[in-house]
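Only the coordinates and a few stated rules stand behind these numbers; no lab work does. Fair warning: this is a prediction, and the values are worked out from it, not measured in the lab. All Cβ positions, glycine included, derive from the backbone under ideal geometry; neighbour counts span all protein chains shown.
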Amino acid sequence: MMKSSELRQSFLSYFESKQHQIVESSSLIPGNDPTLLFTNAGMVQFKDVFLGEDQRPYTRATSSQRCVRAGGKHNDLENVGYTARHHTFFEMLGNFSFGDYFKKEAITYAWEFLTDVLKLPKEKLLVTVYADDDEAFDFWHDMIGVPKEKIIRIGDNKGGRFQSDNFWAMGDTGPCGPCSEVFYDHGEHIWGGPPGSPEEDGDRFIEIWNVVFMQFNRSADGTMVPLPKPSVDTGMGLERIAAILQGVHSNYEIDLFQNLIKAAAKLVGTDDLSAQSLRVIADHIRSCSFMIVDGVIPSNEGRGYVLRRIVRRAVRHGNKLGKKGVFFHKLVDALDLEMGDAYPELRKLKDRVASILLKEEEQFAKTLDQGMKILEEAISQLGDKKIIPGETVFKLYDTFGFPADLTNDVARENSLEIDEAGFEVAMDAQRARARSASNFSMDMSGSVTLDSVTEFTGYDDLAGQCEVETILVD
Ligand code: ATP
Ligand code: MG
Ligand code: MG
Ligand code: MG
């Protein structure tokens, strides 16, 4: 059985043998992009290189990038616990060409790594290409030998040429181009259909690798200017490929997650290792810990509020499993056992991480029980109605520290929804009250690093509903 750490190394070594420079993962806080909440793809640290605005001493690079998708456009928070393949924190393996090789080599490398190095059975792989990308289609078919029926063209069907699934765009402006994705068929016994089919959201066919052919820079008026040199950006989820190699379907069944889930079960005192809440907790300890390692601390705005919301969700899931009192921070030790070797910065800061989490847990623990009572009561009074009123959601937020997404999480478990518009109205009213109560404007500093304060502007985030532009990697 190949462990995640061996897989990571195998990927980097393979691309090193193809003259790629191994580059360290960058921070979860993008250094070069104030519009981006968290690093959500391997290419983020190379954005300016693709644009030709930054130069590196290499034209080929490979990395294992820590990523968070828990805010902005790329938000997988609501998927955690519900799909086999989504995390808020994950590692993205990637290879990059900055004006060096293009489609032919990118496709060759991807296929060779999957089928020669990892020995994945070819018949279980499917690929997609951008609808009119005959070149990529031909490489997959003529050069690699993928049968035509296993090469799916995906394009205009999702709302116009440049918004489709297989045209990767870095937000409204920036580098973009058609992409080609590799999917793995986990078998008939799992619900889901191939990409492009009505059942594609199921978990039978899981996307493992996205190979982007960077060709254009999209400007603000929508025009597509060809990049000086066509480039390549790829991303493969480490946990998804680990699941395949370990012969399991869900990412949550891989070694690393099973160990975290067992540790969490012990801490909250449950024997049911299949509990959805344990998967959520195991996911959340990773994103929360690594955010803190990278300098985010819980707060009421920006990145700090994303962190706070995730901690509170984790604590609520512990509570749901019957846990009274704090537990979440204790999982940092188990996380360190799993990931401390690969991430020395986690090992170094783990006590600090645990104490920040403990403080945050204690603070929420004071109001959690009371808030849950109010929420349960409100739910029991709904009768046939399926929507929790905005005022209730607001009261829970304002008085009991329940972020709206947490209330929504509970609602969803009960097949209910929350009245988001009503909540917003109540929030606006509160903002107006706050504004008239003082002339001094909101402090927009988004996150405080361990040693210093980083300034962010441009978040409309009193409620953490960050309307920031993020990189689109679809
Ligand atoms: P999906 O369609 O499954 O949500 P995606 O198309 O959003 O994935 P990309 O933006 O193409 O994903 O990212 C590249 C790769 O990163 C994916 O092919 C997948 O292996 C991995 N990945 C993306 N999002 C997640 C996540 N939330 N958790 C774990 N791995 C992920
Ligand atoms: Mg996605
Ligand atoms: Mg993709
Ligand atoms: Mg996708």
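Roughly how many Å is it from the Cα centre of segment 195-222 to that of segment 95-149, as a whole number? So the two Cα centres are separated by 15 Å. Packing around the peptides 182-194, 93-105, taken as the average count of other Cβ atoms within 10 Å per residue, puts them in this order, highest first: 93-105, 182-194. Computed over the chain, relative contact order equals 16 percent, with contacts defined as Cα pairs under 8 Å that lie 6+ residues apart.
Projecting the Cα atoms of ALA275, TYR252, PRO344 onto the charge dipole of segment 200-346, computed from C-beta unit charges around the Cα centre, puts ALA275 farthest toward the positive end. Maximal additional length on extending the LEU358-ASP341 stretch stands at 3.8 nm, based on 0.36 nm per residue less the C-alpha distance. A simple spin-label model places pseudo-atoms 7 Å from Cα toward Cβ; at ASP272 and ASP255 they are separated by 3.0 nm. Using the Cβ-Cβ distance between GLN9 and ASP398 with R0 = 41 Å, the FRET efficiency computed as 1/(1 + (r/R0)^6) comes to roughly 0.25. Taken about its Cα centre, the chain carries a charge dipole of roughly 1120 debye when the Cβ of each Lys and Arg holds +1 and the Cβ of each Asp and Glu holds -1. Taking the charge dipole of the chain about its Cα centre, with +1 at Lys and Arg Cβ atoms and -1 at Asp and Glu Cβ atoms, the residue from THR173, TRP209, SER436 reaching farthest to the positive side is SER436. Each of ILE387 and ASP142 was given a label point 7 Å from its Cα along the Cα-to-Cβ line. The distance between the two points is 5.6 nm. In percent, rounded to a whole number, the relative contact order of segment 169-306 is 15, using alpha-carbon pairs under 8 Å and six or more apart. In this structure, the pairs whose alpha-carbon distance is over 31 Å, taken from LYS119/LYS350; LYS104/LYS124; LYS47/LYS348; LYS18/LYS148; LYS330/LYS386, are LYS119/LYS350; LYS330/LYS386. For segment 42-72 versus segment 270-312, the spacing of their alpha-carbon centroids is 25 Å. For the pair GLN55 and GLU16, label points projected 7 Å from Cα toward Cβ lie 2.7 nm apart. Residues whose amide H lies under 5 Å from that of TRP209, counting only those 5 or more places away or on a different chain, are VAL182; hydrogens are built 1.01 Å from N in the peptide plane.
For GLN21, the amide hydrogen comes within under 5 Å of the amide hydrogens of ARG60, ALA61, THR62, counting only partners 5 or more places away or on other chains and with H modelled in the peptide plane. Considering only ALA136, GLN45, ILE297, and ranking their Cα positions along the charge dipole of the chain that arises from unit charges at the beta-carbon of Lys, Arg, Asp and Glu, the one farthest toward the positive end is ILE297. Each of the peptides 60-70, 134-144 was scored by the mean count of other Cβ atoms within 10 Å over its residues; in descending order, highest first, they stand as 60-70, 134-144. Below 20 Å, Cα to Cα, which lysines can LYS324 reach? Residues fewer than 8 away in the same chain don't count. Partners within reach: LYS262, LYS266, LYS359, LYS366, LYS373.
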